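Chemist: Handing you a structure now.
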């Protein structure tokens with residue numbers, strides 16, 4: 001009975017967060033579009049949108065999700081990410097102004113909540129170091145703990161899980177370490193990273209979850225480069241991959 005009550009309370013809290021985030025996004029959209037234009041795009045009356053934007057009433061959870069899907073296409077994260085991604089002559093881009101921008105990370109956390117709310121997530125898992133800022137905000141948004149797989153063992157941790165893999169095309173071997181007791185069998189883990197290139201790092205994180213006999217609830221990333229990474233990620237059936245923007249190296 002208590003478990004059912006806790007689950008109901010968590011779902012209610014997630015729905016409320018989503019509804020409030022949708023209002024925030026609607027207010028952002030209102031700076032660029034008129035109510036009449038938004039009405040045409042959302043199929044909602046001007047009067048309803050106005051009441052939402054002014055905080056007179058909140059949309060229910062179902063309508064909030066529908067609104068969120070429409071509004072993110074208009075004023076969302078994807079356009080801002082694309083604007084900041086500029087490849088150099090060697091085919092690389094600088095992600096400093098993405099992983100260090102609080103507004104982008106906050107929007108991404110909202111997007112992750114909107115995507116995975118209603119599913120079961122008990123932990124967020126990321127890899128040091130670039131995944132940490134995004135992982136921290138996503139974990140906070142979902143109201144769960146953040147776990148960080150690191151490149152070195154920390155003194156004071158009695159035992160570790162470890163994953164060793166080769167970065168494709170580099171000939172470099174990488175090992176990640178995670179405290180052995182960080183994951184429990186009952187955990188449902190969302191894997192978060194700022195970027196997916198070859199997929200090896202994310203595959204290593206998936207293996208951590210498998211070793212702990214926990215479940216992977218999904219993978220969330222801001223950016224995915226190309227499509228080759230798909231073959232390295234062998235997720236259990238029903239585990240979704242949500243990527244905000246997919247790009248090619250030639251862009």
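Chemist: For residue 13, indicate whether it is at pLDDT 85 or above and not assigned by TED's automatic domain parsing to the domain that holds residue 120.
Modeler: no
Chemist: Let me ask something additional. Name the residue that is modelled with the lowest pLDDT, counting only residues in segment 29-52 that are surrounded by 15 or more Cβ atoms within 10 Å (Cβ to Cβ) and closer than 18 Å to residue 107 by Cβ.
Modeler: 29
This table checks each residue for (1) surrounded by fewer than 19 Cβ atoms within 10 Å (Cβ to Cβ); (2) modelled with pLDDT of 95 or more; (3) over 15 Å from the mean Cα position of the chain (by Cα).
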{"residue": "204", "(1), (2), (3)": "no, yes, yes"}
{"residue": "207", "(1), (2), (3)": "yes, yes, yes"}
{"residue": "214", "(1), (2), (3)": "no, yes, yes"}
{"residue": "222", "(1), (2), (3)": "no, yes, no"}
{"residue": "225", "(1), (2), (3)": "no, no, yes"}
{"residue": "233", "(1), (2), (3)": "yes, no, yes"}
{"residue": "238", "(1), (2), (3)": "yes, no, yes"}
{"residue": "249", "(1), (2), (3)": "yes, no, yes"}
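Rundown of residues vs (1) over 30 Å from residue 143 (Cα atoms); (2) free of Cβ contacts under 8 Å to residues at least 40 places away in the same chain; (3) in the same structural domain as residue 226 (by TED's automatic domain parsing), yes/no style:
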site	(1), (2), (3)
29	no, no, no
33	yes, no, no
42	no, yes, no
52	no, yes, no
81	no, no, no
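Chemist: For residue 174, indicate whether it is assigned to a strand (DSSP E or B), under 15 Å from the mean Cα position of the chain (by Cα) and either free of Cβ contacts under 8 Å to residues at least 60 places away in the same chain or buried (at least 18 other Cβ atoms within 10 Å of the Cβ) (or both).
Modeler: no
Chemist: A further question on this structure: Scanning segment 108-143 for residues that are part of a strand (DSSP E or B) and more than 12 Å from the chain's Cα centre (by Cα), which turns out nearest to residue 210 (Cα to Cα)?
Modeler: Of everything passing the filter in segment 108-143, 123 is nearest to residue 210 (Cα to Cα).
Chemist: Here's another thing I want to ask about it. Whether any residue in segment 187-203 is part of a helix (DSSP H, G or I) and within 25 Å of residue 118 (Cα to Cα) is what I want to check.
Modeler: Yes, the conditions are met somewhere in segment 187-203.
Chemist: Let me ask another. Looking for something surrounded by 19 or more Cβ atoms within 10 Å (Cβ to Cβ) and either in the same structural domain as residue 227 (by TED's automatic domain parsing) or touching a residue at least 24 places away in the same chain (Cβ under 8 Å) (or both) - is there at least one such residue anywhere in segment 151-159?
Modeler: No, there is no match, as no residue in segment 151-159 is surrounded by 19 or more Cβ atoms within 10 Å (Cβ to Cβ) and either in the same structural domain as residue 227 (by TED's automatic domain parsing) or touching a residue at least 24 places away in the same chain (Cβ under 8 Å) (or both).
Chemist: A further question on this structure: Confirm whether residue 66 is within 14 Å of residue 21 (Cα to Cα) and out of contact with any helix residue (DSSP H, G or I) (no Cβ under 9 Å at 6 or more places or on another chain).
Modeler: It is false that residue 66 is within 14 Å of residue 21 (Cα to Cα) and out of contact with any helix residue (DSSP H, G or I) (no Cβ under 9 Å at 6 or more places or on another chain).
Chemist: Separate question: I want to confirm something. Restricting to segment 81-104 and keeping residues that are more than 16 Å from the chain's Cα centre (by Cα) and part of a helix (DSSP H, G or I), which single residue is modelled with the highest pLDDT?
Modeler: 96
Chemist: Separate question: Kindly check whether there is at least one residue in segment 67-77 that is touching a strand residue (DSSP E or B) at 6+ places or on another chain (Cβ under 7 Å), closer than 17 Å to residue 24 by Cα and either at pLDDT 85 or above or assigned to a helix (DSSP H, G or I) (or both).
Modeler: Within segment 67-77 (the criterion being touching a strand residue (DSSP E or B) at 6+ places or on another chain (Cβ under 7 Å), closer than 17 Å to residue 24 by Cα and either at pLDDT 85 or above or assigned to a helix (DSSP H, G or I) (or both)), the answer is yes, since at least one residue qualifies.
Chemist: In contact with a strand residue (DSSP E or B) (Cβ under 9 Å, 6 or more places away or on another chain), in the same structural domain as residue 242 (by TED's automatic domain parsing) and closer than 18 Å to residue 231 by Cα, is that true of residue 166?
Modeler: Considered against the rule, which asks whether it is in contact with a strand residue (DSSP E or B) (Cβ under 9 Å, 6 or more places away or on another chain), in the same structural domain as residue 242 (by TED's automatic domain parsing) and closer than 18 Å to residue 231 by Cα, residue 166 comes out as yes.
The values are calculated or read from the model by the stated rules, or taken from the named source; none is laboratory data. All figures in this text were calculated on a predicted structure; none of them were measured in a lab. Backbone-built Cβ (ideal geometry, glycine too); neighbour counts: all protein chains shown.
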